[in-house]
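Q: Handing you this structure, nothing more for now.
Bear in mind that the values in this text are calculations on the coordinates, not laboratory data. Because the structure is a prediction, the values reported are computed rather than measured. Here the Cβ is made from the backbone with ideal geometry for all residues, glycine too, and neighbour counts use every protein chain on show.
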Amino acid sequence: MVAATQDDGLLKPNRIAKVTIDFWFVTLLAGTIGGTVADDLSFRLGIGILTVAWIMGTLLVMALILQVQQRRYVPWIYWTTVLLISAVATLVSDEFVESLGTPLETVAAFFAIALMMSFALWSLWEETLSIHSIITTRREVFYWFAIFFAFAFATAAGDLIAETLGLGYLETVVLFAILAGLFWLAYRLKLNSTFCFWPAYLLTHPLGNAFGNLLARHRSAGGLGLGTTATGLIFIACVILTVVYMTWSNDGEEFATESN
């Protein structure tokens, strides 16, 4: 069932970003933006988490339709989709906890199971979980489902760890930075790209969320007091500049391989 990676003797371009330092940088910022922007919109518009989730979810569907129509990696479309998935996954996870009163343990377990099921179906149908060969629409659909469930799980698990351990924002940032750094290093050493990528990706999201909280929250709560609006705008600007650089330099584009 594995789709070929060649067409008329030429390698097909991968539809998602190549895993470079730029990739991890923007992924980290996506975790920050997902939490801060979602919270800021909900607070300033006064319409509640659920309504903001529906608005962002509609934008996400539009972005996904545009993304899957592409036959190669287009930086601004891909990263817009990632940012929207981050925001929606954060909002959905928060809606379960704050509005429905679902315990963090239950929410984390639910999305962990959903993530494992998406991996199982992806592996069953495609016989690979390689992120270096997303060359068909079906593989890309599996990829985006995994990303959504990964972000939602990471949001709940990150909050659960921070609350269980009673860590402050700075301590939470340090903890997740160390854990993510170990898997980033393992990925760079090419120990097993698929096995190392997903834990690193999972940990990058709560790291970004914790970093955003550290910058945005009031000093009395252990933050630096920049506010959610300023923090969100700073990191959105950083994402835009990085994506412009990626587009100009073709950084992040690769051709498909079937390596692990």
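Q: Mind telling me which of GLY232, GLY31, GLY168 comes out most flexible in a GNM of the chain, alpha-carbon contacts under 10 Å?
A: Comparing GLY232, GLY31, GLY168 in the GNM, the peak value goes to GLY168.
Q: Please report, in debye to the nearest 20, how large the charge dipole of the chain is about its Cα centre when each Lys and Arg carries +1 at its beta carbon and each Asp and Glu carries -1 there.
A: Magnitude of the dipole: close to 340 debye.
Q: Let me ask another. Ranking ARG188, ARG15 by Cβ neighbours within 10 Å, fewest first, what do you get? Each step should come with its number before you reach the end.
A: Details: ARG188 13, ARG15 22.
Placing the least packed residue first, the sequence is ARG188, ARG15.
Q: Give the residue from VAL26, ALA63, ASN250 lying farthest towards the positive end of the charge dipole for the chain; charges sit on Cβ (+1 for Lys and Arg, -1 for Asp and Glu) and the dipole is referred to the Cα centre.
A: Projecting each Cα onto the dipole axis, the largest value belongs to ASN250.
Q: Further, regarding this structure: With the contact rule set at Cα under 8 Å and sequence spacing of 6 or more, what percent relative contact order holds for segment 15-248?
A: 29 percent.
Q: In addition: Using the crude model of +1 on Lys and Arg Cβ and -1 on Asp and Glu Cβ, and no other charge, please compute the dipole size for segment 99-181 relative to its Cα centre, in debye to 20.
A: Details: 2 positive and 7 negative charges, 44 e Å.
In total the dipole reaches around 220 debye.
Q: Quickly estimate the mean residue ellipticity at 222 nm for the chain, helices only: each DSSP H run with n ≥ 4 gives -39500 (n - 2.57), and the total goes over all residues, rounded to 500.
A: Calculated at 222 nm, the ellipticity per residue is -25000 deg cm²/dmol.
Q: Let me ask something else about it. Taking neighbour counts of Cβ atoms within 10 Å as a proxy for exposure, in what order, fewest first, do HIS205, HIS218 appear?
A: Ranked by crowding around the Cβ, least crowded first: HIS218, HIS205.
Q: Could you give the dipole magnitude of segment 65-136 about its Cα centre, charging the beta-carbon of Lys and Arg +1 and that of Asp and Glu -1, in debye to the nearest 20?
A: Using Cβ point charges on Lys, Arg, Asp and Glu, segment 65-136 gives about 420 debye.
Q: Oh, and also: Quick check on segment 15-248: what are the equivalent-ellipsoid semi-axes from the Cα gyration tensor, as sqrt(5λ), descending, whole Å? The partial results should precede the final answer.
A: Details: eigenvalues 135, 78, 72 Å².
Its equivalent ellipsoid spans semi-axes of 26, 20, 19 Å.
Q: Could you work out how far the C-alpha centroid of segment 130-199 sits from that of segment 75-125, in angstrom?
A: Taking the Cα centre of segment 75-125 as reference, the centre of segment 130-199 is 12 Å away.
Q: Next up: Select from CYS238, LEU191, ALA177 the residue farthest towards the positive end of the dipole of the chain; place +1 on Cβ of Lys and Arg, -1 on Cβ of Asp and Glu, and compute about the Cα centre.
A: CYS238
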